[in-house]
Amino acid sequence: MKVLVIGGGGREHAIVWKLAQSRHIDKIYCSPGNAGISEIAECIDVGTNDFGALIDFVKYEWVDLTIVGPEEPLSRGIVDAFEKEGRRVLGPTRKAAQLESSKVFAKDFMRRYGIPTAGYSVFSSSVHAEDHVRMKGTPIVIKADGLAAGKGVFVAGTMDEAIAALKLIMKEKAFGSAGDRVVVEECLEGEEASFMAFCDGKTVKPMASSQDHKRIFDGDKGPNTGGMGAYSPAPVVTEKLEAEIMEKVMWPVMRGLKAEGIQYKGILYAGLMIRDGSPSVLEFNCRLGDPETQPVLSRLDTDLVDIAFAMLDGKLSELDIRWKQKSSVCVVLASKGYPGKYDKGKVISGLDGFRDEPDVAVFHAGTAFDDGNIVTAGGRVLGVTALGSDIGSAKEKAYRAVGKIHFEGMHYRTDIADRALRRP
Ligand code: AMP
Ligand code: GLY
């Protein structure tokens, strides 16, 4: 079987790596891929959003299945375009992907179906938004409605920060039309967790739980990033809480979508705030999380191709999905300056030292080849991921591996997974 993976980050490297272990696979293509992915897949130079060219490619190469990694092609309707041409593709349609591509859609949807989330108001006028924020006071959360690469959310501790966020989104249009509307939201407290599930339109099956680290610096300081590290499982998600998340969030989403004529096939990701053992939804994503996928897929024991076809064929209920009874930790190595401006083209050394370490996988995110070297080509460069018998040993192995890798300006957090270790 031939599979095409769309995307070129750490998440896609983990997907390709897991697919490469499948008994069904003859060939994997990845568009655009990266230096690490090119070791196990053929990277093709077709634009991620050029659906016509991608469809031509899967027709010409007899590709059996396409798996979409990132949100942008999903929100632009890649699944609709492939399905129209009778091509098998895994991911939600454009309409369903609005759960991620429009925060207003997601909040209104949650309100309609009684899914727990922070109280909110929506504004398309900056004057009214500002009046509302002054009336509510701080802390308060301001969100651009549309996709903003994880940068459109501002948790404002002071009124100045809140007003500055509104100005940036609505007046300066820092995120373009994604900022035509804002959601102003009550600020929730608690512990965050990422909860991802496989969906086939009828059944939802949870993945192993995980936790991201969104801020750039240790101790959750500094600006939000795409994610600086993750671990799985997240001890905050107990068995009881998992059942509650399924009952109060995941199933109601599936039922709500169905009631609106949407059959959701693919991954549903709920970003949650957990307080006093109860979940509240911060956001939905219509895809696997990055970097959560790296530790979560490291623990997956079931063939990913079997899961993909069970989702497409509506047969998830017949499949037993198994996870390794181990823990996994992923530490992201980023370029100096990320999530702001950063340089590219720094030579990466030390990548070859892990061939004899089956518990360590170095997933590439922003990397490329240059003159025979592997060089940095993005903000998040690598996701060093290790399995261990518990979070402590996985963390130790991951950081030991990090110590062998180097590039100029390499930045990483030194406290990934400490939250899990601090728990009683
Ligand atoms: P989102 O993209 O909506 O998940 O927001 C990004 C990050 O902002 C989340 O991971 C939280 O850390 C924070 N955040 C979002 N919404 C809220 C909220 N209502 N209360 C507190 N923090 C929030
Ligand atoms: N790590 C958060 C996300 O993928 O959106």
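The values are calculated or read from the model by the stated rules, or taken from the named source; none is laboratory data. Quick caveat: nothing in here was measured; it's all calculated off a predicted structure. Positions of Cβ are generated from backbone atoms using ideal geometry, with glycine treated the same way; all protein chains shown enter the neighbour counts.
Against the list (1) within 30 Å of Asp415 (Cβ to Cβ); (2) touching a His at 6+ places or on another chain (Cβ under 7 Å), the condition Leu297 fails is (2).
Looking at Ala97, is it among the hydrophobic types (A, V, I, L, M, F, W, C), surrounded by 21 or more Cβ atoms within 10 Å (Cβ to Cβ), at pLDDT 95 or above and within 16 Å of ligand 2 (Cβ to nearest atom)? When the stated conditions are applied, Ala97 passes them. Selection over segment 109-129 of residues that are within 15 Å of ligand 1 (Cβ to nearest atom) and free of Cβ contacts under 8 Å to residues at least 60 places away in the same chain gives a count of 1. There is at least one residue in segment 12-34 that is closer than 28 Å to Asp370 by Cα, among the β-branched types (Val, Ile, Thr) and within 16 Å of ligand 2 (Cβ to nearest atom). Within segment 249-258, the presence of a residue that is out of contact with any strand residue (DSSP E or B) (no Cβ under 7 Å at 6 or more places or on another chain), at pLDDT 95 or above and more than 26 Å from Phe105 (Cβ to Cβ) is excluded. Filtering segment 336-374 to residues that are outside any loop (DSSP other than H, G, I, E, B) and free of Cβ contacts under 8 Å to residues at least 40 places away in the same chain leaves Asp370, Asn373.
Residue-wise test of (1) more than 26 Å from Ala259 (Cβ to Cβ); (2) modelled with pLDDT of 95 or more.
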| residue | (1), (2) |
| --- | --- |
| Thr48 | yes, no |
| Ala53 | yes, yes |
| Gly77 | no, yes |
| Phe105 | no, yes |
| Ala129 | yes, yes |
| Pro139 | yes, yes |
| Ile142 | yes, yes |
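Scanning segment 182-202 for residues being more than 11 Å from ligand 1 (Cβ to nearest atom) and among the hydrophobic types (A, V, I, L, M, F, W, C) gives a total of 6. Out of Glu189, Glu185, Glu130, one residue alone is assigned to a loop (DSSP other than H, G, I, E, B) and either of a type in the set (D, E, K, R) or more than 29 Å from Gly379 (Cβ to Cβ) (or both). It is Glu189. Would you be able to say whether some residue in segment 245-256 is more than 13 Å from ligand 2 (Cβ to nearest atom), part of a strand (DSSP E or B) and in contact with a Phe, Trp or Tyr (Cβ under 8 Å, 6 or more places away or on another chain)? No, because not a single residue in segment 245-256 is more than 13 Å from ligand 2 (Cβ to nearest atom), part of a strand (DSSP E or B) and in contact with a Phe, Trp or Tyr (Cβ under 8 Å, 6 or more places away or on another chain). Reported count of residues in segment 140-158, each being crowded, with 19+ Cβ neighbours inside 10 Å and over 20 Å from the mean Cα position of the chain (by Cα), is 4. In this structure, is Glu239 more than 15 Å from ligand 1 (Cβ to nearest atom), touching a strand residue (DSSP E or B) at 6+ places or on another chain (Cβ under 7 Å) and either polar (S, T, N, Q) or without any contact (Cβ under 8 Å) to a residue 40 or more places away in the chain (or both)? In short, no. Looking across segment 18-70, just one residue is over 13 Å from Gly7 (Cβ atoms), among the hydroxyl-bearing types (Ser, Thr, Tyr) and in contact with a Phe, Trp or Tyr (Cβ under 8 Å, 6 or more places away or on another chain), and that is Ser38.
Of the numbered conditions (1) surrounded by 21 or more Cβ atoms within 10 Å (Cβ to Cβ); (2) out of contact with any helix residue (DSSP H, G or I) (no Cβ under 7 Å at 6 or more places or on another chain), Gly345 fails exactly one; give the number of that condition. Failing condition for Gly345: (1). For the structure I just gave you, tell me whether Ala162 is small (Gly, Ala, Ser), within 14 Å of ligand 1 (Cβ to nearest atom), at pLDDT 95 or above and not in a loop (DSSP other than H, G, I, E, B). Here the answer is yes, as Ala162 does meet what is asked. Here Lys205, Lys167 are screened, and the one residue that is away from ligand 1 (no atom under 14 Å from the Cβ), surrounded by fewer than 20 Cβ atoms within 10 Å (Cβ to Cβ) and part of a strand (DSSP E or B) is Lys205.
Counting the residues of segment 129-159 that are on the phi > 0 side of the Ramachandran plot and away from ligand 2 (no atom under 16 Å from the Cβ) gives 1. Only a single criterion out of (1) more than 11 Å from ligand 2 (Cβ to nearest atom); (2) assigned to a strand (DSSP E or B); (3) among the small types (Gly, Ala, Ser) is not satisfied by Ala308, namely (2). Just one of the listed residues (Ala178, Ala197, Ala149) is within 24 Å of Pro70 (Cβ to Cβ) and assigned to a loop (DSSP other than H, G, I, E, B), namely Ala149.
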